[in-house]
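A quick write-up on the structure given underneath.
What follows draws every value from the coordinates through simple rules; no lab data is involved. Small disclaimer: the values here were computed from a predicted structure and weren't measured. We place every Cβ from the backbone using ideal geometry, glycine too, and count neighbours over all the protein chains shown.
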Amino acid sequence: MNKDRIAAQLYTVREFTQSPERLGETLRKIADIGYAAVQVSAIGRMPPEQVKELADEAGLGICATHVGYDRLQDDLEAVIREHKLWNCRYVGLGSMPQSYRESREGYAAFVREMAPIAARLAENGLQFIYHNHRFEFARVDGTRIGMDYLLEETDPAAFGFELDVYWAQAGGGPAADWVRKLKGRMAVVHLKDMAVVRDEAVTAELGEGNMDVSGIVQACRDIGVEWYVVEQDDCRRDPFESLAISYRRLMREMSSDH
């Protein structure tokens with residue numbers, strides 16, 4: 001891992017990305033923290049050319065995205081053009097639709113519908129990546145949990161993963177074990193920590209919770225993760241301060257590289 005591979009998920013600062021002016025200011029703040037790139041997600045409606053211009057002005061790359069399922073189904077060629085414009089290889093889906101989540105039949109339908117989409121992205125030099133939450137760690141066919149089903153029933157060449165380590169831990173963890181299980185299928189990881197506040201598990205800055213951050217980062221190194229993306233769903237302080245705390249922890253992890 002090196003600092004040029006540390007990115008911020010814009011979902012973390014989604015309240016500050018809904019207009020071009022605010023997005024530009026937000027990108028500058030992220031660059032000032034030290035991040036090299038961002039994952040585009042939950043921003044306001046604006047032309048992709050403008051997004052690229054604002055990222056370039058801030059000196060940030062766009063390493064990955066989250067795209068809505070409807071757009072992947074109905075507007076795929078435009079999605080492909082956007083990613084090529086942004087020089088962004090990784091096309092992410094934040095979650096499968098609600099209607100697919102609770103049965104083997106739902107998972108099978110999702111896999112069937114995603115197969116030609118992922119293949120089309122691959123034909124264009126792009127890589128589909130699936131981002132998990134907790135529900136994928138429930139059993140869907142009596143024996144397999146959802147994540148195993150997705151691993152086993154999809155094309156390894158076209159269907160990749162973007163493990164969210166917090167939700168992997170919440171689903172039964174340890175998160176580092178899941179990182180290693182995804183070897184060869186994951187180039188982008190979502191990093192956050194888990195703290196306990198008033199007897200509830202909540203997302204936290206890296207190093208501010210109870211997860212084995214060093215072990216998770218080492219597992220990512222071991223399998224050759226390309227992008228280390230910081231995301232925090234909910235921040236209990238200024239979200240830019242949260243991004244800075246997590247960045248500093250990742251930089252400490254980087255200093256322990258062998």
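Proximity of backbone amide H atoms, modeled 1.01 Å from N, is registered between I62 and V38 at under 5 Å, excluding neighbours fewer than 5 places apart on the same chain.
The amide H of M46, built 1.01 Å from its N in the peptide plane, has no neighbour under 5 Å, considering only residues 5 or more places off or on other chains. If you build a Gaussian network model of the chain, linking Cα atoms that sit under 10 Å apart, which residue out of V165, V213, V196 swings the most? Ranking V165, V213, V196 by mean-square fluctuation puts V196 first.
Computed over the chain, the Cα gyration tensor eigenvalues convert (square root of 5λ each) into semi-axes of 26, 24, 17 Å, ordered from largest to smallest. The relative contact order of the chain, computed from alpha carbon pairs under 8 Å that lie at least 6 residues apart in sequence, is 19 percent.
Taking 4 °C and 1.567 mPa s as the conditions, I'd like the Stokes-Einstein D for segment 144-233 in µm²/s, using the Kirkwood hydrodynamic radius from alpha carbon pairs. It would help to have the intermediate numbers written out before the result.
Numbers: Rh = 13.4 Å.
The Stokes-Einstein estimate is 97 µm²/s.
Along the axis of the charge dipole computed for segment 143-258 (Cβ charges of +1 for Lys and Arg, -1 for Asp and Glu, origin at the Cα centre), the listed residues M147, S242, G207 are led at the positive end by G207. Close amide H partners of M194, meaning residues 5 or more places away or on another chain with modelled amide H under 5 Å apart, are A204, G209, N210, M211. The lysine pair tally for the chain, using Cα distances under 27 Å and a gap of 8 or more places or different chains, is 14. Here is the list for segment 34-114: GluC sites (Glu not before Pro) lying in DSSP coil, each with at most 16 other C-beta atoms within 10 angstrom of its C-beta, are E102. Helical runs (DSSP H, four residues minimum) scored at -39500 (n - 2.57) apiece and divided by the length of the chain put the mean residue ellipticity at 222 nm at -13000 deg cm²/dmol.
Under the convention that each Lys and Arg Cβ holds +1 and each Asp and Glu Cβ holds -1, the size of the dipole of the chain around its Cα centre is about 320 debye. Placing unit charges on each Cβ (+1 for Lys and Arg, -1 for Asp and Glu) gives the chain a dipole about its Cα centre, and among A168, Q218, A109 the Cα reaching farthest toward its positive end belongs to Q218.
Sequence-ordered 3J(HN,Hα) estimates for segment 41-53 from the Karplus curve with 6.51, -1.76 and 1.60 and θ = phi - 60° stand at 6, 6, 8, x, 6, 7, x, x, 5, 6, 4, 4, 4 Hz, glycine and proline given as x. Fully extending the segment from S214 to E25 would add 64.9 nm, taking 0.36 nm per residue of separation and subtracting the current Cα-Cα distance.
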